[in-house]
1. Counting other Cβ atoms within 10 Å of each Cβ, which GluC sites (Glu not before Pro) in the stretch 465-564 have at most 13 and sit in a DSSP loop?
2. Going by accessible area, probe 1.4 Å, with all protein chains left in place, what is the ranking of 545, 97, largest first?
3. Kirkwood Rh, the stretch 498-564, all Cα pairs: how many Å?
4. Find the relative contact order for the chain and round it to a whole percent, using C-alpha pairs within less than 8 Å whose residues are 6+ positions apart.
5. Using the Kirkwood radius built from alpha carbon pairs, what does the Stokes-Einstein equation give as D for the chain at 10 °C and 1.306 mPa s, in µm² per second?
6. Please figure out what share of the DSSP beta bridges in the chain is antiparallel and state it in percent, rounded to the nearest 5.
7. Given charges of +1 on the Cβ of Lys and Arg and -1 on the Cβ of Asp and Glu, with all other atoms neutral, how large is the dipole of the stretch 217-300 about its Cα centre, in debye to the nearest 20?
8. Over all directions, how big on average is the projection of the convex hull of the alpha-carbon atoms in the stretch 120-159, in square nanometres?
Amino acid sequence: MLTDLEIAQSAHLKPIVEIARDLGLEEDDIELYGKYKAKVSLQVLEKLKDRPLGKYIDVTAITPTPLGEGKTVTTIGLSMALNKIGKKSIVCIRQPSLGPVFGIKGGAAGGGYSQVVPMEDFNLHLTGDTHAVALAHNLLAAFIDNHIYHGNALRIDPFTISWPRVVDVSDRALRKVVIGLGGKENGIPRESGFDIAVASEVMAILALTTGLRDLRERLGRIVIGYNVEKKPVTAEDLRCAGAMAVLLKDAIKPNLLQTLENTPCFVHAGPFANIAHGNSSILADQIALRLSEYVVTESGFGADCGMEKFMNIKCRYSGLAPDCVVMVCSVRALKMHSGKYRVVPGKPLDPALAEEDVAAVEQGAENLVKQIENARLFGVPVVVAINLFATDTDREIRAIEKIALENGAYACAVSEVWAKGGAGGRELAEAVVRACDEPKNFRFLYPLDIPIKEKIEIIATKIYGADGVVYEEGVEEKIRRFTEFGWDGLPICMAKTHLSLSHDPRLKGRPRGFRLPIKDIRPAIGAGFLYPLCGEIRTMPGLPSEPAGNKVDIDAEGRIVGLF
């Protein structure tokens, strides 16, 4: 079997001008970055404003396992399959962070015969958007310390500063640092740290903005800490937001690429799916929906994380509503959710996972049932996609289909897009088309005009299945202050583990009988949400003992090797 990189490098790519032309875009609508990638001008939105919207599909999944459920593969493959059955389709996905690319996960352009290409460009620098985000973020960090050094006219309390530096490399040694050492000329010493660039609020803003003016206003609302009177201090107060917007003037434009089968793909923004909302940009979706009959996008992690935030945060700010949810699962992932099998990243799989075990599938399917229930809370039909592996048996597949249909799924289809590309997703595509034509009653999980605690408790009980919420010391006081500041009208972006429906990554399947702990709550006022922390959330990953980057190299002809 060829590697993903070998498959991608053997693909026949069309010049991106042809991909754009097939969409109806003209030369002035795009800005070329070489032969196979381009940025799309935001002026296209005004040009296409009278066109009807296409159907909007969100691909999500059961609670992730170290095995992976094939969510990105399915997203890309479904879009290609829709084109195979005669529909005009575009896929919209996030740009990956270089931290995971060179760390434990590797690339994120799909896999097998359902990939976005050029795969190397996609996984590496692409058009430099993440670098622009990091630079804008770090400019604000520099302005903060410079302001304090030059007299601190805003009377910022250094102990409340919550704006770190960022870099797009996994580097645990930078999580906690002391800056300003070496004498007075080097600034005022204080404790700080680094996050990975995609965890920056600036990245969340890029994904949620609806235009250049909106971007500028959101950047101005970023809260970096508090003054000695405990009032918030913003990027606007520091007179930095305008310069940050200038640095992002090109990054705000969606990137246009293609799949292995020349299906158009918008790649734009890459916010974390636990600390932030984990979805690609509103702007890419808005443009794609005017250019195509069907738009397939993807939410990060499981339905309890990325999909919930897609519905309650992204759709609120975009004004868009999905027509269908695709819930991805796999036989072996459901087996792991039974609790019978333990899987550790980087270690050999239990050979028993490849053997038929219908009972384990049925037990682990409790997680699938809950995630179907979660999607249906928003009034949208759910199609379950079983990402097929060669070791799956007919009895295991039939068991999943029966459980899915008995528990509210509109349809259930086997997907073979990894092995067969778009042709392996015809059944899934046809089910999605039918589901998109079904009546729907899209609704948010909660209104914005209820108290912060009530919103948190609705998510905890309805989405996670918690019996209630426990607020640790100081959290309720913060909620009271946030309410005084007028931030209680914002949506909630829960920061919790993606490895369980609960706050505890060890609890698989469908956990019951737990109360969700809220350890802290923080503001992301520029992005437009509050994020309660339900545990220790790492915003700077570390590298494993054998990083994926060890295998990456370049040959004498300039071809990249070893990348995923």
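The values are calculated or read from the model by the stated rules, or taken from the named source; none is laboratory data. Nothing here was measured: the structure is a model prediction, and the numbers come from that model. As a convention, Cβ positions derive from the backbone with ideal geometry for all residues, glycine included, and neighbour counts pool all protein chains shown. Only protein heavy atoms, including side chains, enter the accessible area calculation; ligands, DNA and RNA are left aside. Shrake-Rupley method; radii C 1.70, N 1.55, O 1.52, S 1.80 Å.
1. On the way: sites: 472, 473, 476, 477, 484, 536, 557; in loops: 472, 473, 536, 557.
Of the GluC sites (Glu not before Pro), the ones in loops of the stretch 465-564 whose Cβ has at most 13 other Cβ atoms within 10 Å are 472, 473, 536, 557.
2. Numbers: 545 120, 97 10 Å².
Correct descending sequence by accessible area is 545, 97.
3. Numbers: mean 1/r = 0.0618 Å⁻¹.
Across the stretch 498-564, the inverse of the average 1/r is 16.2 Å.
4. Numbers: 1281 pairs, mean separation 117.1, N = 564.
Relative contact order for the chain comes out at 21 percent.
5. Details: Rh = 24.0 Å.
For these conditions, the coefficient is 66 µm²/s.
6. On the way: 28 of 64 bridges.
Just about 45 percent of them are antiparallel.
7. On the way: 8 positive and 9 negative charges, 74 e Å.
Result for the stretch 217-300 is approximately 360 debye, rounded to the nearest 20.
8. Numbers: hull surface 14.9 nm².
One quarter of the hull surface, i.e. the mean projection, equals 3.7 nm².
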